[in-house]
C-alpha cells in the first residue's frame, strides 16, 4: 500500500509537471523572408528555418518552424502575402526582409512602411515578432545608408518587438561562407547565421506564452 501511494504521488507530480511545462507542445513559429530564408541554391534541409529548428531542438526547445521565404521578395511582397504565408495558430514570426529592397535601391520610406504594416498586422493577430535587421551596401551612399539602416531599430522600438540587428552577421564579409554569386550563404554560412542568432531566438521564445500539451 505504501509503495502504491508513492507511485500514485509520483504519477500525479509528473502529470502536473507536464501540464506546466512550456515545452509541453512544440512552439509554432515561422520565418517570413526572402531568398536568405528560402535557402536559395541549397538543399531544403540546409535552409535557415530547418537549421534553426534543429539548433533549438539541441537546446531542448521543441519548435515547428515554417519556411515562409520567397526568393526575390521585398518587404512589400512579404506584406502582400502575409495572410496566406502565416497560418492561424502561429505564435511567433521571425521577419527577415529588406535585402532586396536595398539591392534594388527602393526608397527606404517604402521599405519602412511595408515592414511597419507587417509588424502591426502580426501584433493584431497576437503573434510575437522578432525583426531581423539588414545593412545597406556602402556603394549606395551615406544618405541612403542612414535612411535604410535606421528602419529596423526604429520599428523595433516603436512597436516594442525583439530585434536582431544584422541577419548576415558573421557571413557578409567572408567569401568562403557565400555562394559564387557573392550574396547568398552556403550551407556552412547558414550554420554561422544560426549560431549567431540562436541566443536571440532563445531569449525571444522564452517570452512566449507556454503551449500546453493535451492531457
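If the condition is being assigned to a helix (DSSP H, G or I) and either in contact (Cβ under 8 Å) with a residue 24 or more places away in the chain or more than 18 Å from the chain's Cα centre (by Cα) (or both), then segment 176-199 contributes 176, 177, 187, 188, 190, 191, 193, 194, 195, 196, 197, 198. Helices (runs of 4 or more DSSP H) fully within segment 39-85 that include at least 3 residues being buried (at least 16 other Cβ atoms within 10 Å of the Cβ) and touching a residue at least 24 places away in the same chain (Cβ under 8 Å): 48-58, 75-80.
Is it the case, given these coordinates, that residue 135 is over 18 Å from residue 33 (Cβ atoms) and in contact with a helix residue (DSSP H, G or I) (Cβ under 9 Å, 6 or more places away or on another chain)?
Spelling it out, it is not the case that residue 135 is over 18 Å from residue 33 (Cβ atoms) and in contact with a helix residue (DSSP H, G or I) (Cβ under 9 Å, 6 or more places away or on another chain).
If only residues of segment 144-170 that are in contact (Cβ under 8 Å) with a residue 24 or more places away in the chain, in a helix (DSSP H, G or I) and touching a strand residue (DSSP E or B) at 6+ places or on another chain (Cβ under 8 Å) are counted, the one that is surrounded by the most Cβ atoms within 10 Å (Cβ to Cβ) is 152.
Given the criterion part of a loop (DSSP other than H, G, I, E, B), over 18 Å from the mean Cα position of the chain (by Cα) and farther than 15 Å from residue 200 by Cα, identify the matching residue among 173, 139.
Numbers: 139 fails: part of a loop (DSSP other than H, G, I, E, B).
Answer to the selection: 173.
Residue 120 passes every criterion in (1) within 30 Å of residue 182 (Cβ to Cβ); (2) out of contact with any strand residue (DSSP E or B) (no Cβ under 6 Å at 6 or more places or on another chain); (3) surrounded by fewer than 18 Cβ atoms within 10 Å (Cβ to Cβ) apart from (1).
Values quoted throughout were computed directly from the atomic coordinates according to the rules given, and no laboratory measurement underlies them. Since this is a predicted model, take the numbers as computed values, not measurements. Glycine gets a Cβ as well: all are built from the backbone with ideal geometry, and neighbour counts include every protein chain shown.
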